[in-house]
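Written below as structure tokens is the structure these notes are about.
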Amino acid sequence: MTQSRINEDVNWEEIDKLFLDMDGTLLDLHFDNYFWLHHVPEQYAAKEGITLEEASAELKGRYLTLEGSINWYCVDYWTEELGLDIALLKQEVDHLIQVHPHVLEFLEAVKRIGKRRVLVTNAHQKSLAIKLAKTPIGDHLDGVICSHDFGIPKEDPRFWEKLQEVEPFDKGRTVFVDDSVRVLDSAARYGIEWLVAIKQPDSKAVAPLQFEHYFAIDDFREIMP
């Protein structure tokens, strides 16, 4: 993997379009981690009549087998597999959904210099709807792309070809921000040259993530136009 071009001195004059991940990038990943690692196991344990420890162990194994696939992100898939209303359970703890610091200021700054801001997310449509209803981020975006509309996640190189069809972009004049190294690697392989990683997707995590190949930021002030 080659070093991405983006650095502390972003030349926004060379950029036309900004692609942004949602969970962990614009929004605090604490909600998702709490939901899947605590709330769902509690509900599954009660439903199955097993201990929380047993439920957590079983679910972690099932999550890992699908990690990075479209079903891993699919609310409908997990609703059917677990016999739980996942969308409803998300709404039970939606008070935990929070926008990362300085995100809205950053998005408005990008708007002022005339660059197109597009959300590019693996979140299922039902999760996306909950988060757009709970936060103001949708008011600060020019477009929203959901990988479930393509049936393939961002980790899959074919995703970027599909994205190119519906949201044409110049690979050398597009910035993409994400907190997943798998997704950033996929974007890099496709040829997107301006890549930014998020060090602290979950505000409650003990240690920041480490990225060997990508410029990584603590918050969006570091790349503010």
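The values are calculated or read from the model by the stated rules, or taken from the named source; none is laboratory data. Values in this document were obtained by computation on a predicted structure and should not be read as measured data. Every residue, glycine among them, receives a Cβ derived from its backbone with ideal geometry; neighbour counts consider all protein chains shown.
Structure summary
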quantity	calculated
Cross-chain or 6+ apart pairs with Cβ under 9 Å, region 26-48 first and among the polar types (S, T, N, Q), then assigned to a helix (DSSP H, G or I) and surrounded by 17 or more Cβ atoms within 10 Å (Cβ to Cβ)	Q43/A55; Q43/L82; Q43/L89
Conditions (1) crowded, with 20+ Cβ neighbours inside 10 Å; (2) under 28 Å from D218 (Cα atoms): number failed by V75	(2)
Condition broken by D139, with the remaining ones in (1) in the same structural domain as G24 (by TED's automatic domain parsing); (2) under 20 Å from D32 (Cα atoms) satisfied	(2)
Hey, E108 assigned to a helix (DSSP H, G or I), loosely packed, with under 15 Cβ neighbours inside 10 Å and either touching a strand residue (DSSP E or B) at 6+ places or on another chain (Cβ under 6 Å) or not assigned by TED's automatic domain parsing to the domain that holds S203 (or both) or not	no
Residue in region 50-71 that is surrounded by fewer than 17 Cβ atoms within 10 Å (Cβ to Cβ) and touching a strand residue (DSSP E or B) at 6+ places or on another chain (Cβ under 9 Å) present	no
Check on F169, assigned to a loop (DSSP other than H, G, I, E, B) and in contact with a strand residue (DSSP E or B) (Cβ under 7 Å, 6 or more places away or on another chain)	yes
Hits in region 195-208 (condition: in contact with a helix residue (DSSP H, G or I) (Cβ under 8 Å, 6 or more places away or on another chain) and either charged (D, E, K, R) or buried (at least 16 other Cβ atoms within 10 Å of the Cβ) (or both))	L195, V196, A197, D202, K204
Residues located in region 1-46, provided they are at pLDDT 90 or above, buried (at least 21 other Cβ atoms within 10 Å of the Cβ) and under 14 Å from V175 (Cα atoms)	L18, F19, L20, D21, T25
Check on P136, under 16 Å from D28 (Cβ atoms), surrounded by fewer than 19 Cβ atoms within 10 Å (Cβ to Cβ) and of a type outside the set (S, T, N, Q)	yes
Candidate set: region 78-100, residues that are in a loop (DSSP other than H, G, I, E, B) and among the hydrophobic types (A, V, I, L, M, F, W, C); chosen: the one surrounded by the fewest Cβ atoms within 10 Å (Cβ to Cβ)	V93
Yes/no for K162 being assigned by TED's automatic domain parsing to the domain that holds G24, under 21 Å from D23 (Cβ atoms) and assigned to a loop (DSSP other than H, G, I, E, B)	no
Criterion (within 18 Å of F106 (Cα to Cα), touching a residue at least 12 places away in the same chain (Cβ under 8 Å), outside the structural domain of D76 (by TED's automatic domain parsing) and within 13 Å of the chain's Cα centre (by Cα)) met by exactly one of L119, L128	L119
Output for region 197-221, where each listed residue is touching a strand residue (DSSP E or B) at 6+ places or on another chain (Cβ under 6 Å), assigned to a loop (DSSP other than H, G, I, E, B) and modelled with pLDDT under 95	F211, Y214
Meets criteria (on the phi > 0 side of the Ramachandran plot, in the same structural domain as D23 (by TED's automatic domain parsing) and either without any contact (Cβ under 8 Å) to a residue 24 or more places away in the chain or not in a loop (DSSP other than H, G, I, E, B) (or both)) for G114	yes
Odd one out for A123, checked against (1) more than 23 Å from Q200 (Cα to Cα); (2) surrounded by 15 or more Cβ atoms within 10 Å (Cβ to Cβ)	(1)
